[in-house]
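A short write-up of the structure that comes next.
Just so it is clear, none of the values below were taken in a lab; they were calculated from the coordinates. Everything quoted here is computed from the prediction, not taken from an experiment. Glycine gets a Cβ as well: all are built from the backbone with ideal geometry, and neighbour counts include every protein chain shown.
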Amino acid sequence: MRNEVVLITGANGEIGHGLITRLGEVANTHIVALDLKPLDKHLLPYCDRFIQGDILDKMLLGRLIAEYEITTIFHLASILSTKSEYNPVAAHEINVEGSINLLRLGVELSQWQGRSVKFIYPSSIAAYGLPDLKTKEEEGKIKEWRWCTPITMYGCNKLYCEHLGKYYANHYRQLAKDRIKNSIDFRCIRFPGLISADTIPTGGTSDYGPEMLHSAAQGEPYSCFVRPDTRISFMAMPDAIKALLLLEDAPRSSLTQLVYNVTSFSPTAKNLYDIVKKAYPDAEINFKVDPSRQAIVDSWPADTDDSAARDDWGWEPDYDMERAFNDYLIPAIKSRYSKKDA
Ligand code: SER
């Protein structure tokens, strides 16, 4: 009898850290973690197995079929928006070909196991692309189907993978005589910028939020690359993990769509500056706009409408901005950096 496990790709990334730590605390969750880089040693005790490898390596993925009964795939591996712009073709390979490899793995697993495999996929506000600031302001909290016209490679990749997921869930091999339905139970969340106390993102464009905070906590000066009035939504990492697990757990019959917005607070960069300065009055933060990265953030919505997630699977964030900073981020970051100094 093979072990029932959940597979987590991109295990070493920001969401991977949060998810593995949370799942590791839940009894009887067996985790197989996959990442290109060696896994953070703090995560190792939570995993049944860590595989250092590439999601483009089909042989590696194929070997998993023989070894594990994979009930859920959390496919977190991806290259974020700023980094993707520096190498769009590599980003496409990882973000799109990597995702189709995982979807194909899911189909094959489901055939062996005789039941559908849950495929939980984090998408992003980068899937949106608003044409100008006036439209961004008028649109306010955006619905899932509005302005799906991304201007970044990452956004294009995420939006396409959402479609791929829906295709695999509903129409895969629709003309085949021996078509097997419901192999993939695809469920997707469009996340805002995420802020974690434990990790700093690499290569994203919402990074000015977490970077401002982590720099202040370490006593390092920081130049924010967007204007003070720039507004997008953000979320504290514990809420992002809560959203993933709630969506995974929801009965399939309650889902009226497969791609859901979630949001919790929507500060301007100046609001972030103010809250960081309140906690770290000596922090040296200035605004030095990078016009190209600014244009990317300006194309993202000021906030999203997450009423479908609230109605369908009971989504509700635990952290508004005050709570996120005062009860989670600042205390956890203070203890993290003081331990490093010790
Ligand atoms: N955090 C992502 C990025 O900045 C957007 O979802 O690329």
**Q.** Listed residues SER223, SER183, SER254, most fluctuating in the chain (Gaussian network, C-alpha, under 10 Å)
**A.** SER254
(Q) Looking at the chain only, what percent of DSSP beta bridges run antiparallel? Nearest 5 please. (A) 5 percent
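Only counting other Cβ atoms within 10 Å, I'd like CYS188, CYS156 sorted with the fewest neighbours first.
Working: CYS188 24, CYS156 21.
Least to most surrounded, the residues fall as CYS156, CYS188.
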Q. What percent do you get for the relative contact order of the chain when only Cα pairs under 8 Å and 6+ apart count?
A. 18 percent
Q. From the backbone phi of the range 256-267, what are the Karplus-calculated ³J(HN,Hα) couplings (6.51 cos²θ - 1.76 cosθ + 1.60, θ = phi - 60°) in whole Hz, Gly and Pro given as x?
A. 8, 8, 10, 10, 10, 6, 9, 8, 9, 9, 9, x
Q | Sequence-separation-based contact order of the range 51-147, relative, with Cα cut under 8 Å and 6+ spacing, percent | A | 33 percent
Q | Gained length - SER307 relative to ASP249, 0.36 nm times residue gap less alpha-carbon distance | A | 19.1 nm
Q: With θ set to phi - 60°, apply the Karplus curve 6.51 cos²θ - 1.76 cosθ + 1.60 along the range 318-325 and write out the HN-Hα couplings as whole Hz, x wherever there is a Gly or Pro.
A: 8, 10, 7, 5, 4, 5, 4, 7
Q: Let me have the relative contact order for the range 258-342, percent, based on Cα pairs under 8 Å that are six or more residues apart.
A: 49 percent
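Mind checking the full-extension length gain between GLN111 and ASP320? Use 0.36 nm per residue of separation minus the Cα-Cα distance, one decimal, nm.
71.0 nm
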Q) If you place +1 on the Cβ of every Lys and Arg and -1 on the Cβ of every Asp and Glu, how big does the dipole about the Cα centre of the range 112-180 come out, in debye to the nearest 20? A) 420 debye
**Q.** Spacing of the two label points (7 Å from each Cα toward its C-beta) at LYS339 and LYS141, in nm
**A.** 3.6 nm
(Q) Loop-only trypsin sites (Lys or Arg not before Pro) in the range 149-230, please: DSSP not H, G, I, E or B, and at most 12 other Cβ atoms within 10 Å. (A) LYS177, ARG179, LYS181
(Q) To test your reading of the geometry: what angle, between 0 and 90 degrees and rounded to tens, separates the Cα axis of helix 14-25 from the longest principal axis of the chain? (A) 60 degrees
Q. What's the angle, to the nearest 10 degrees (0 to 90), between helix 269-279's Cα axis and the longest principal axis of the chain?
A. 70 degrees
Q: Give, rounded to the nearest 20 debye, the magnitude of the charge dipole that the chain has about its Cα centre when Lys and Arg contribute +1 at Cβ and Asp and Glu contribute -1 at Cβ.
A: 680 debye
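Order these by the 10 Å Cβ neighbour count, fewest first: LEU44, LEU175.
Working: LEU44 14, LEU175 6.
Final ranking by Cβ density, sparse to dense: LEU175, LEU44.
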Q | Within the chain, helix-based [θ] at 222 nm, where runs of 4 or more DSSP H residues each add -39,500 (n - 2.57), nearest 500 | A | -11500 deg cm²/dmol
Q.
Skipping prolines and chain starts, which residues have an amide H placed within reach, meaning under 5 Å, of the one on VAL262, given they are 5 or more residues away or on another chain?
A. ARG190
Q | Selection from CYS47, VAL289, PRO267 lying farthest towards where the dipole of the chain points positive, charges on Cβ | A | CYS47
